[in-house]
Every structure is written in C-alpha cells, then in structure tokens.
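Here's the structure we're looking at; comments come further down.
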Amino acid sequence: MKKILVCFGTRPEAIKMCSLVHELQKQNFECKVCVTAQHREMLDQVLDFFEITPDYDLNIMKPNQSLNQLSGNIFLKMDEVFSSFLPDLVLVHGDTTTSSIVAWAAFNYGIKVGHVEAGLRTFDKKSPFPEEMNRQITGKIADYHFAPTLASERNLIKENVEKENIVITGNTVIDSLLWTEKKLDNGFVNEKINELQHIIDADKKTILVTSHRRENFGQGFIDVCNALIEIAKDKTIEIIFPVHLNPNVRKPVFELLSNHSNIHLIEPLDYPSFVWLMKQSYLIITDSGGIQEEAPSLGKPVLVMRDTTERPEAVEAKTVLLVGTDKIKIVENTKLLLKDKNLYQKMAQSYNPYGDGKANEKIIKYLNNKL
Ligand code: UD1
Ligand code: UDP
C-alpha cells in the first residue's frame, strides 16, 4: 500500500487540507498527517472541528519567531518524522513557510512532493511576502501540481512544468466550505455562534474585517485602522473584527480600535463560527487569501486590502475589488457598497471561479492513477 504524508502548519492550510485528509483516509493508501504547528491555537481550532488527530505534531510555534528560526526548526524536525515514516509522497499546501520547507525537506530525502493550490503567482517576490517565494520554491520542487484554476496552470507552464504533471482541480477550500455549510444547515451550533448571535444587531449591516499580511505591517495597519474608525462613524453599521494572533497585528488593532461602540474586536473564530459569520455579513473587508476564495460562494462582496493579487479570477469576476491599505479607497468603496444597490448586487453574485467542491475528488483520482 502506498504511503502518503499530508503536512500543514497554519489555519488556512488546515482548512484547505482537512477535507482532503477525510477523503484520502477512505482510499487504499496509508495516509498519515503531520502538523508543524507553525500556528498553535488557530490550527487546533481547525483540527478539532474536522476531528483530525495528527500522527506527528512538531509543535514549533514560538511567540513572534523569525522566519529563519521557523524554517530551521521545520528542517530539523522533519528529519525525525522521515526517520520514523518514509512516505512515497508528501502533500503540502499553498504558500506558507511550512509548505516550502517541508517540500524541500522531502526533496532532500528523495520523496515525491504533491503541491495542492499550486501555480498562484504575482511574480513580485516582495508581495505577498514571503508567500510568493514560498510558492515558487514549492513549485520548483513539486512532482505533481494541483492547480485550482486555468490561470494557475498557465503560470506553471510558463515555468516549464510539464502539463502531464498538472491537474486543474478547483480549490479544496470550496470542498471544506460546502462541508461546513452543510453542517450549519443541518443545525450545527456551538457556544461561539450563540455569542455572535448576541453581538450582531439585526437592524444594522455587519461588516466583517480580517487582516494579517506581513507586507501591511506598520503604516499599512495604521491606515486600515483609521479607515475603520471613519467607516464606524456611520451608526447603521457594525464592524466585527476577529483579530489574528500575530502580535504585529494585535498591537495596532487593539491600540487604535478598542474604544468604538460599533467596532467589536474578538478572538479568532473557529471555522464553523467564521463561516456562520460570513453568511450574516453584508460586506467583507480583508487581506486574506482564503476568504477571497470563499466569499463568492456565499454571495458576499469583498474589498481586498492588497495592492497585488495572485488570485486574479475573483477580480475579473468582479466579486472582489482591490483597495490596498489606502484609507480613502477603503472608506469610499465601503460607502459606495452601502449606498449603491446595483453595484452591491453585481459584486454579490454567487459565481465562484475557485471551484465547485470537487477538488478533493480530482486530486484523489489523479493520485490513484499516478501512484
Ligand atoms: C502565517 C503564514 C501566512 C499565512 C498566515 C495565515 C508564513 C511565513 N506566514 O502568517 O502565509 O497567510 O499564516 O494566517 O508562513 N500566533 C499565535 N498563535 C497562533 C498563530 C500565530 O500566537 O495560533 C502568533 C505567534 O506569536 C507567531 C506569530 O503569530 O510566532 C506569527 O505566526 P506565523 O505563522 O509566523 O505568521 P502569520 O502572520 O500567522
Ligand atoms: N478564518 C477562520 N476564523 C477566523 C478568520 C478566518 O476560520 O477568525 C478562516 C477563513 O474562513 C479562511 C481562512 O481562515 O478559510 C483564512 O485564513 P487566513 O486569513 O489566516 O490566511 P490566508 O487565507 O490569508 O492565507
């Protein structure tokens, strides 16, 4: 029986890989899960919901550690994993330091690598930082590339990846989102959802905000906070902001936004509560990659606080709009979407260029043929 090791370390990778793990475990593979725990609390929230207990937990998160500390620790600990379980294939996801270093560690052992969410590019190595280079490194090492869209396949072909090693799958985030929505539709509730029901005022429009990108640290975050203060002057809206655990995010956000009656700063939400909250929201303002991919399935417009994007599909489909961290652009576009019903409806169309929830099925079909 062929052996597969699925590796991830952060919240978004976990969300996008857990539904694939569920499906792989139904197949004729010996499938084990290794988490680096680059994130700790935010990773565990996802593992709990998807009921996955990792076979290997490298437990490497340290408060505010540097990218080089993080990378060095992952390399060292992957030695221990491979000396106990030598898989035929390692599956990594996307763009994190976990993905690129695990891929490299596997390459050093002569183990094949499959890259889920392959081929996203801005071709600007500083933005998003360090994700663009993480993607390019992982893409260079990977043997099999699971590209979410035609555009991501084209990027890989430009980099001389053989077409037969690429398969267009859609994004596994949609599989996970649909699985979660079904649970919510079937009556899933938890304490957090109950608490959120008390925060949300049904007479007001909810604007959901998240932010964590490294290239926005410093002035970018200050500008975003000032934009939110301006938006919150309109008392017919309510801002809910689950604040990422990175200290570089928490400091400016709590310093600048704590004392506003209609800005609610809350802890990161477990995945079903977050999906529930997205569904209740009128508008989402974020710099997150995953949320841009999920929101079109829920018919929610997104203002993206980034200057460049490796996800052009949603911009082209006009379900998201890039506004950067420019205060005026964020405020003006929010006001427009609150006022202009036609514009809102155009952005709120629920066509999703990132897939239909069948990504896992396509990945497994390909692996069954290849391995
Ligand atoms: C990481 C990824 C980024 C991804 C993002 C998703 C890298 C370099 N960055 O960024 O690509 O988009 O996750 O959220 O791979 N922390 C906690 N608890 C947690 C998580 C983080 O306390 O559960 C704090 C710690 O102090 C940690 C710091 O946040 O050292 C930074 O975490 P890190 O994974 O390095 O970067 P993120 O900004 O979370
Ligand atoms: N998310 C969550 N709880 C939160 C905020 C986000 O579960 O409080 C989910 C969200 O639905 C998406 C993923 O986390 O699937 C996005 O993670 P993040 O923004 O941290 O990373 P990125 O996608 O930018 O890499």
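In this structure, the residue pairs whose Cα-Cα separation is over 30 Å, taken from Lys158/Lys300; Lys62/Lys233; Lys3/Lys358; Lys158/Lys346; Lys335/Lys362; Lys279/Lys327, are Lys158/Lys300; Lys62/Lys233; Lys158/Lys346; Lys335/Lys362. Taking other residues whose beta carbon is less than 13 angstrom from the beta carbon of Asp57, and scoring Lys, Arg as +1 and Asp, Glu as -1, yields 0. Where a ≥ b ≥ c are the square roots of the eigenvalues of the C-alpha gyration tensor, would you call segment 1-76 rounded, which needs a/c under 1.5, or, failing that, prolate if a/b is larger than b/c, or oblate? Oblate, because a/c is 1.5 or more while a/b does not exceed b/c. Counted over segment 85-134 with a bin width of 5 Å, the fraction of Cα pairs per bin, in whole percents, is 5, 22, 27, 21, 13, 7, 3, 0. Extending 7 Å from the Cα toward the beta-carbon at both Lys62 and His22 defines two label points whose distance is 3.6 nm. Each Cα pair under 8 Å and six or more residues apart adds its sequence gap; the mean of these over the residue count of segment 25-122 is a relative contact order of 22 percent. Residues in the chain average 42 Å² of solvent-accessible surface per residue, probe 1.4 Å, ligands and nucleic acids excluded. Ordering Glu30, Glu332, Glu51 by accessible surface, largest first, gives Glu51, Glu332, Glu30; the 1.4 Å probe counts only protein heavy atoms, with every chain in place. Compute the signed sum of charges (Lys and Arg +1, Asp and Glu -1) over the other residues within less than 13 Å, Cβ to Cβ, of Lys329. Taking every other residue near Lys329 into account, the sum is -2. A simple charge model with +1 on the Cβ of Lys and Arg, -1 on the Cβ of Asp and Glu and nothing else charged puts the dipole of segment 41-194 at about 580 debye relative to its Cα centre.
Potential lengthening of the chain between Leu343 and Phe188 amounts to 52.5 nm, from the contour at 0.36 nm per residue minus the alpha-carbon distance.
Glu159: net charge of surrounding residues, Cβ under 9 Å, Lys/Arg +1, Asp/Glu -1, itself excluded? Result for the neighbourhood of Glu159: +3.
For segment 107-146, a Kirkwood hydrodynamic radius built from all Cα pairs, placed in the Stokes-Einstein relation at 37 °C and 0.692 mPa s, yields a translational diffusion coefficient of 311 µm²/s. Computed over the chain, relative contact order equals 16 percent, with contacts defined as Cα pairs under 8 Å that lie 6+ residues apart. The relative contact order of segment 6-61 comes to 42 percent, based on Cα pairs under 8 Å that sit 6 or more residues apart.
For the listed peptides 21-28, 255-262, a ranking on the average number of other beta carbons within 10 Å per residue, highest first, reads 21-28, 255-262. Note on segment 210-357: semi-axes of the ellipsoid equivalent to its C-alpha gyration tensor, largest first and rounded to whole Å, are 23, 17, 16.
For Asn108 and Asp326, a Förster radius of 51 Å and the Cβ-Cβ distance give a FRET efficiency of 0.75, rounded to the nearest 0.05. Can you give the accessible area of Tyr282, probe radius 1.4 Å, in Å² rounded to 10? Rounded to the nearest 10, that gives 40 Å². Per-residue ellipticity at 222 nm computed for the chain from its helices equals -14500 deg cm²/dmol, with DSSP H segments shorter than 4 residues left out and the rest contributing -39,500 (n - 2.57). Based on the Stokes-Einstein relation at 4 °C and a viscosity of 1.567 mPa s, and on the Kirkwood radius from alpha carbon pairs, the chain is assigned a translational diffusion coefficient of 62 µm²/s.
Can you give the log10 of the normalised intensity I(q)/I(0) at q = 0.11, 0.22, 0.24 Å⁻¹, computed with Debye over equal Cα scatterers of segment 97-167? Listed by q, the Debye log ratios stand at -0.23, -0.91, -1.06. For the pair Lys365 and Lys2, the difference between a 0.36 nm per residue extended length and the Cα-Cα distance amounts to 129.2 nm.
The values are calculated or read from the model by the stated rules, or taken from the named source; none is laboratory data. The structure displayed is predicted, hence computed values, not measured ones. Every residue, glycine as well, gets a Cβ built from its backbone with ideal geometry; the counts of neighbours run over all protein chains shown. The area values use the complete protein model at the heavy-atom level, side chains included, leaving out ligands, DNA and RNA. Shrake-Rupley method; radii C 1.70, N 1.55, O 1.52, S 1.80 Å.
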